[in-house]
1. State yes or no: is Ala20 under 14 Å from the mean Cα position of the chain (by Cα) and touching a residue at least 24 places away in the same chain (Cβ under 8 Å)?
2. Restricting to the range 14-52, and then to whatever is of a type in the set (Val, Ile, Thr) and at pLDDT 95 or above, can you tell me which residue is farthest from Val67 (Cα to Cα)?
3. Taking Leu8 as the residue in question, decide whether it is at pLDDT 95 or above and in contact with a strand residue (DSSP E or B) (Cβ under 6 Å, 6 or more places away or on another chain).
4. Which residues, taken from the range 22-35, are crowded, with 17+ Cβ neighbours inside 10 Å and not in a helix (DSSP H, G or I)?
5. Among the residues of the range 52-72 satisfying the criterion of being surrounded by fewer than 20 Cβ atoms within 10 Å (Cβ to Cβ) and touching a residue at least 12 places away in the same chain (Cβ under 8 Å), which is farthest from Val42 (Cα to Cα)?
6. Quick check: is even one residue across the range 89-102 in a helix (DSSP H, G or I), surrounded by fewer than 16 Cβ atoms within 10 Å (Cβ to Cβ), at pLDDT 95 or above and not hydroxyl-bearing (Ser, Thr, Tyr)?
7. Restricting to the range 104-145, and then to whatever is of a type in the set (Lys, Arg) and farther than 14 Å from Ala10 by Cα, can you tell me which residue is modelled with the lowest pLDDT?
8. Quick one: count up the residues across the range 1-21 that are part of a loop (DSSP other than H, G, I, E, B), surrounded by 13 or more Cβ atoms within 10 Å (Cβ to Cβ) and of a type outside the set (D, E, K, R).
Amino acid sequence: MSRIQTVLCAIDVNRPETEADVLQRAWKLASAEGAQLDVISVVPDYGMSVVGGFFDQDHTNKVVEDVKTMLNDLAVKALGDEVNGKLRHLVAVGKAYQEILHVAEKDGADLIVLGAHAPDLKDYLLGPTAARVVRHTSSSVYVVR
């Protein structure tokens, strides 16, 4: 078994209480392996949809900046300033599972850590984002409930 070098942790900044647990678990796994921890949050891209017509590019840019701040604040609260300084913070725009998969592949993530909400019957065992990531990645995935 090869050593894990990069861990990608996907965080929903709109759920800071539960996502702090996910981030703490990801840090424990990364630090145990001596791996780099990258933290990503994804902003929905409304693009050309009906909803997208109500938002201009400046709005998207502002949301991205706000999410960067929220991601940083969550990491500081969950892990402290010193550990947060070692993390790579990423904010992507698009569909969550697609952006997580893209970054994991691009950065060569050996492990993806993400949370899964309590599933509805329609989701079977995982939420839709977690299920898609598990199904379509070649990386190992650690799902935190």
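1. Details: under 14 Å from the mean Cα position of the chain (by Cα): yes; touching a residue at least 24 places away in the same chain (Cβ under 8 Å): yes.
When the stated conditions are applied, Ala20 passes them.
2. Initial filter on the range 14-52 (of a type in the set (Val, Ile, Thr)): 18, 22, 39-40, 42-43, 50-51.
Of the ones still in play, those that are also at pLDDT 95 or above are 22, 39-40, 42.
Working: Val22: 17, Val39: 12, Ile40: 10, Val42: 8 Å.
Applying the filter and picking the extreme gives Val22.
3. Numbers: at pLDDT 95 or above: yes; in contact with a strand residue (DSSP E or B) (Cβ under 6 Å, 6 or more places away or on another chain): yes.
The answer is yes for Leu8.
4. Answer for the range 22-35, where residues must be crowded, with 17+ Cβ neighbours inside 10 Å and not in a helix (DSSP H, G or I): just Ala35.
5. We begin by selecting, within the range 52-72, every residue surrounded by fewer than 20 Cβ atoms within 10 Å (Cβ to Cβ); these are 52-66, 68-70, 72.
Next, only the ones that are touching a residue at least 12 places away in the same chain (Cβ under 8 Å) stay: 60, 63-64, 68, 70, 72.
Numbers: Thr60: 12, Val63: 11, Val64: 9, Lys68: 10, Met70: 12, Asn72: 14 Å.
The qualifying residue farthest from Val42 (Cα to Cα) is Asn72.
6. Kept after step one, since they are in a helix (DSSP H, G or I), are these residues of the range 89-102: 96-102.
Still in the running and surrounded by fewer than 16 Cβ atoms within 10 Å (Cβ to Cβ): 102.
With at pLDDT 95 or above added as a condition, the list becomes 102.
Next, only the ones that are not hydroxyl-bearing (Ser, Thr, Tyr) stay: 102.
Yes, the range 89-102 has at least one match.
7. If we filter the range 104-145 for residues that are of a type in the set (Lys, Arg), which is where we start, we get 106, 122, 132, 135, 145.
Retained after the next criterion (residues that are farther than 14 Å from Ala10 by Cα): 106, 122, 135.
Values: Lys106: 96, Lys122: 44, Arg135: 93.
Only one residue tops the list, namely Lys122.
8. In the first step, residues of the range 1-21 are kept if they are part of a loop (DSSP other than H, G, I, E, B); the result is 1-5, 11-15.
If we keep only those that are surrounded by 13 or more Cβ atoms within 10 Å (Cβ to Cβ) as well, we get 4-5, 11-13, 15.
Pick out the ones that are also of a type outside the set (D, E, K, R) and you get 4-5, 11, 13.
Selection size over the range 1-21: 4.
The values are calculated or read from the model by the stated rules, or taken from the named source; none is laboratory data. The structure displayed is predicted, hence computed values, not measured ones. Every residue, glycine among them, receives a Cβ derived from its backbone with ideal geometry; neighbour counts consider all protein chains shown.
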